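The values are calculated or read from the model by the stated rules, or taken from the named source; none is laboratory data. It should be emphasised that the depicted structure is a prediction, and the values quoted were computed from it without experimental measurement. Every residue, glycine as well, gets a Cβ built from its backbone with ideal geometry; the counts of neighbours run over all protein chains shown.
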Amino acid sequence: MKKKFILKIFEAFSIERWNDLVRPFEIIEMDKHAEKCVVAYIIAKYEESLGAKIDWEWLIYASLFDLLRKIQLCDIKAPVQTLIKNEYPEEYKKLNQWVLERYEKLIDDRDLFESFKSYQENLSQYKGRGDDLELTVRIFRAAHKYSTLRELEMLTPVNEIERLEGIRKELNADLQEYLNLRGLQLLITKQKPFEFLMRIEQLRFQTRWNQTPRVPKTSVLGHCFFVAVITLLLGRECGISMCSKRIYNNFFSGLFHDLPESATRDIISPVKNATDGLPEIVKNIEDQIVQKELVPLMEPFYRDEILYWTSDEFSNRAVFDGCVISLSFDELNAKFNEDKFNPVDGKMVRAADHLSALLEAHLSIQHGITSKQLENGRKNLLKGYEKGSKINGIDVRQIFDDFIMED
């Protein structure tokens, strides 16, 4: 993975949203995309339960590509972009081309870049290209609009009605064309999936490394989305052609890996490891709280897979004869790299989690905001990976060393 590309993605932790309004908490671009991805998952699972087919791989990559686009165009407000698109279509095409040019030298993976290029060129042209894709695109766009509406609802208590009324009317009008989506109906009317989303949103208010000053601050929810993206990219680096279910499991395992913290809050590693038995105790308590507080908020048609992602989340595993089995990377590739085995690279998710933590510590230190906690955190993360050893086909230590090496 190219260092400059990952650092570009990390910039989304520094992009503020709604900065022309009173904000009760920091509203950050990475967090918006994380919540949008969760909303898209919920809506898509309802459609899937009703018999529809979802193009999950398109949805996953669209989540990444939309973030890349937003990072580059963050200075142009969405309504202005819409006006350019509608009234100056040729300039809009040039703007999209400009975005691609900014990333061409950052993305060494040519297949990934070509997919991004296709996404950019077809932003308004997905109709008529197959029911599965058309539905998936509608779900993604509905999730985008609804996650923006949620931000507006959170801003409402501290802003005068007059400041928000026009935005609210526009968002509600935009959502009208997606109201046939069952999941969206239930979210808007604040039914069961809304309660589940509310719990996940608590991760948006929880700051990582909360015991030390740090720049930029990162929320648990934003961190989860970053881990999902890094896991996706690591999967492309490992040299294995992964089955669709494995790509799906890896990405959403990253997205939901800290879900228990919506109930327990973020317990930092030094505290978790204060005694030999504490990590296991904390994990058991997290599992109990998930069963008691979160499972009742999940629908049966996605509950089991979320529990699969969050239980023993950092182990390589698959399902065989109805049982979850732990596997080496070689076993996963040789015998279980098929959709029917529900494979997941948990160790790759862990490596992505650690890379995210390393960047959070290292970049703050580079910015001049440092502490013993950050320095010890960076040191301990490096200690965890021996030089030359590989995790699921990836030389993680080499990647870590690349990031902390001065340019």
Tell me the helices (runs of 4 or more DSSP H) entirely within region 1-96 that contain at least 1 residues that are at pLDDT 95 or above and closer than 15 Å to Phe251 by Cβ. 3-10, 29-49, 56-72
Hey, among Glu114, Glu177, Glu104, Glu153, which residue is surrounded by fewer than 19 Cβ atoms within 10 Å (Cβ to Cβ) and over 27 Å from Trp56 (Cα atoms)? Glu153
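One line per residue, one yes/no per condition, for (1) in the same structural domain as Ser49 (by TED's automatic domain parsing); (2) of a type in the set (Val, Ile, Thr):
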| position | (1), (2) |
| --- | --- |
| Ile188 | yes, yes |
| Val215 | no, yes |
| Arg246 | no, no |
| Leu255 | no, no |
| Glu261 | no, no |
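Quick grid of which residues meet (1) modelled with pLDDT under 95; (2) surrounded by fewer than 17 Cβ atoms within 10 Å (Cβ to Cβ):
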| residue | (1), (2) |
| --- | --- |
| Gly239 | yes, yes |
| Cys243 | no, no |
| Ser262 | yes, no |
| Arg265 | yes, yes |
| Gly277 | yes, yes |
| Lys283 | yes, yes |
Any residue at all in region 325-336 that's in contact with a strand residue (DSSP E or B) (Cβ under 7 Å, 6 or more places away or on another chain) and basic (Lys, Arg)? no
Being hydroxyl-bearing (Ser, Thr, Tyr), touching a residue at least 60 places away in the same chain (Cβ under 8 Å) and crowded, with 22+ Cβ neighbours inside 10 Å: is that true of Ser364 here? yes
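Yes/no matrix, rows are residues, columns are (1) closer than 28 Å to Leu259 by Cβ; (2) free of Cβ contacts under 8 Å to residues at least 40 places away in the same chain:
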residue	(1), (2)
Ser315	yes, yes
Ser328	yes, yes
Gly346	yes, no
Ile369	no, no
Lys379	no, yes
Gly393	yes, no
Gln398	no, yes
Taking the condition surrounded by 15 or more Cβ atoms within 10 Å (Cβ to Cβ), touching a residue at least 40 places away in the same chain (Cβ under 8 Å), out of contact with any Asp or Glu (no Cβ under 6 Å at 6 or more places or on another chain) and among the hydroxyl-bearing types (Ser, Thr, Tyr), does Tyr92 pass? no
Taking Val319 as the residue in question, decide whether it is modelled with pLDDT under 95, of a type in the set (A, V, I, L, M, F, W, C), surrounded by 15 or more Cβ atoms within 10 Å (Cβ to Cβ) and closer than 30 Å to Glu48 by Cβ. no
Any residue in region 126-135 that is under 25 Å from Lys4 (Cβ atoms), outside the structural domain of Leu234 (by TED's automatic domain parsing), in contact (Cβ under 8 Å) with a residue 12 or more places away in the chain and in contact with a Phe, Trp or Tyr (Cβ under 7 Å, 6 or more places away or on another chain)? no
